[in-house]
1. So what's the back-of-envelope 222 nm ellipticity for the chain, counting only DSSP H runs of four-plus at -39500 (n - 2.57) apiece and dividing by all residues, rounded to 500?
2. Taking springs between alpha-carbon atoms closer than 10 angstrom, which of 80, 161, 128 fluctuates most in the Gaussian network model of the chain?
3. Rounded to a whole number of µm²/s, how large is the Stokes-Einstein D of region 21-166 at 4 °C and 1.567 mPa s, given Rh as the Kirkwood radius over C-alpha pairs?
4. Return the single residue from 54, 82, 139 with maximal mean-square fluctuation; model: Gaussian network over the chain, springs between Cα atoms under 10 Å.
């Protein structure tokens, strides 16, 4: 019984915050979105601590999910390689802009595509609570003028660019 009370208190305290709704892009073509994305910058997270050369690969499956493979080198660009495999489930009626990503059953996290280049050369992904943010690119390095454009989009969405940490990418 104590466990259930703890879970209920946690949900009430942390899961039901009154955030202004974050907007996503209008729609995403998952076929165009699939493939490898390189992390250019992100809000630091415990689960990515010490990661360099960070990338994510999205693979369309014939099932009801997209296969996700996150890779990085630990502690340096030449450090040991590590990876984790997961699944991304599209939220119904979201035009493929809102996904739930699962790396450990039964836990799923929100993955909202909040900005996307017309040619799918870069993307910005966040969470409705604004605690997570990733700037992704099809190449390991993003042109500085494009990066500054993305930073302005992030500011316009009410996110704090000062929290971003650029990702070390070996080129």
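1. Helices in the chain give a 222 nm mean residue ellipticity of -4000 deg cm²/dmol.
2. 80
3. Diffusion coefficient, whole number: 83 µm²/s.
4. Answer for the Gaussian network model of the chain: 82.
Readers should treat all values here as calculations from the given coordinates under stated rules, not as data from a laboratory. Quantities reported herein were computed from a predicted structural model and do not represent experimental measurements.
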